[in-house]
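Below is one structure; the comments refer to it alone.
The values are calculated or read from the model by the stated rules, or taken from the named source; none is laboratory data. What you see is a predicted model; the values in this text were computed from it and never measured. Here Cβ is always computed from backbone atoms with ideal geometry, including for glycine, and neighbour counts include all displayed protein chains. Surface areas here come from the heavy atoms of the whole protein model, side chains and all, with no ligands, DNA or RNA. Shrake-Rupley method; radii C 1.70, N 1.55, O 1.52, S 1.80 Å.
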Amino acid sequence: MRLPRGGVAVLSCTAGVALANNYAIQPALGDVAHDTGASAAAIGLVTTAALGGCIAGFAFLLPLADRAAPRRLVAGQLALLTAGLLLASCAPGLGLLLLAYVMVGAGASVSAMASTIAGRGVPGERRGRAVAGVAAGMSAGILLSRLVGGALADAFGWRGMLLAFAGLVVVCGAIAWARLPGERPEGGGGGYLGTLAALPGLLRRHRALRLAVLSGSLWYLAFSLVWVALTVRLAQPPYGLDAAHIGLYSLAGALGFAALPVAGRLGDRYSPRAVIAGSMVVAAAGAGLLCTGLDRPVVTSVGLALVDAGCFTAQAANQTRVMSIDPARSGSLSGVYLLLYFLAGALGAGLAAPLVAAGGWGAASGVVCGALVVAGALVVLPRWAGEPVAETDRSMPKAGVSTSSPCGD
């Protein structure tokens, strides 16, 4: 299976639009809480529900990328996403809204499927750039989602904002159906239930996958925690910012978007581990700035920009590394990785409001900084301990070559 000309661009736009729906509602959470009668602490569960839906999508839908046609998979998940958004737009209370956002999250997990399809549909020497291209679309979606979501919520209400995003998803589904390959990937005839049953064994067999999961989970926990905590804290006194003003902080993530193409080229040329380690240094430096407080918007913006840049570039390199373990099973490998990755993100989102309530912004930003430091240490620790370098790291600089990591330890 090979992608047609412009296929990576279609997947990048699809991934960005889909993933944006997990975050667009965040600046309007205060308005949602008021309309639905939910408490400030309980409304944070909307973000957790979306991440929970993503986790379900990674477990049960992403492995289908190894055996089914991209056109049907992507269009089908976008249809599920549209249904979730329409249900959320008419939800009278928190219970139905949470159910809708589980559907939204499951549909938005198509962003990971887009990354897997892009990595498989190009020659091996271009895999890093293809994955980074889709990651750039995802980061653009995250970046613009809060800004656009906040502005639309102010103009049309949060329900109108959800309807606007649903319309955009429908357009993306039509384009994906028209442009993506209709044939199944090679070697993709295995049974679906057998594929699911084999997922836990992948984590036991591949040391490189375990390392990717541990480090990636920590930085995504930090990423999710910092943005939800920021939203909760800035909506409270003495700041009292509305959805549109909170959404403006998402512009700080532009640095992460700009850094991804460079990260993709570096990941093809050098070790993904080196890219990840450098990214964690950048992210931890940004978290250190956030620990100084929220009273200086410029410092806060720089800190957020560095955290986003580090987390986005690390994720692009890490997913390239996971896919290279066994390209023929990249969907299943990515499913295991992203299931645990987003489970950590859901934990971070769920911890944000209680941390802010218990210890203020200082407690939340301190946890973020600590998680990023530990994630960086995990990336370089195997070298310090004298363990062999993963096969994926050694193989990446060699154009067109992909080797599997050893089974077992």
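Three semi-axes describe the equivalent ellipsoid of the chain; taken as square roots of 5 times the Cα gyration tensor eigenvalues and ordered largest first, they are 32, 25, 18 Å.
Give me the percent of accessible area attributable to carbon and sulfur for the stretch 76-164, probe 1.4 angstrom. All intermediate terms of the calculation are to be shown ahead of the outcome.
Details: 1920 of 2570 Å².
Carbon with sulfur: 75 percent of the solvent-accessible area.
All C-alpha pair distances within the stretch 299-358, sorted into 5 Å bins from zero, spread as 4, 15, 15, 20, 19, 12, 8, 4, 2, 0 percent across the bins.
Computed over protein heavy atoms with a 1.4 Å probe, the carbon and sulfur contribution to the accessible area of the stretch 270-331 reaches 72%. For H206, list long-range residues whose amide hydrogen, built 1.01 Å from N in the peptide plane, is under 5 Å from its own amide hydrogen. Amide H to amide H, under 5 Å and 5 or more residues apart or across chains, H206 pairs with G408.
Viscosity 1.002 mPa s, temperature 20 °C: what is the translational diffusion coefficient of the stretch 34-140 from Stokes-Einstein with a Kirkwood Rh over Cα pairs, rounded to a whole number of µm²/s? Taking Rh from Cα pairs, D becomes 144 µm²/s. Can you tell me the relative contact order of the chain? Whole percent, Cα pairs under 8 Å, sequence separation 6 or more. So the answer I get is 26 percent. Couplings 3J(HN,Hα) for the stretch 205-215, derived from phi with the Karplus relation 6.51 cos²θ - 1.76 cosθ + 1.60 (θ = phi - 60°), are 7, 10, 4, 4, 5, 5, 5, 5, 5, 4, 5 Hz, where x marks Gly and Pro.
Counting only heavy atoms of the protein chains, get the accessible area per residue of the chain (1.4 Å probe) and round it to a whole Å² value.
Details: 14650 Å² over 409 residues.
Accessible area per residue, the chain: 36 Å².
Quick one: which of 168-178, 313-323, 232-242 comes out on top by average Cβ neighbours within 10 Å, and what's the full order, highest first? Show your work: numbers first, answer last.
Working: 168-178: 17.3, 313-323: 28.7, 232-242: 15.4.
Ranked by mean Cβ neighbours within 10 Å, highest first: 313-323, 168-178, 232-242.
The stretch 92-108 and the stretch 152-180 have their alpha-carbon centroids 16 Å apart.
Computed 3J(HN,Hα) for the stretch 8-22, one whole-Hz value per residue from the Karplus formula 6.51 cos²θ - 1.76 cosθ + 1.60 where θ = phi - 60°, is 5, 5, 4, 5, 5, 5, 4, 4, x, 5, 5, 5, 4, 6, 6, glycine and proline marked x.
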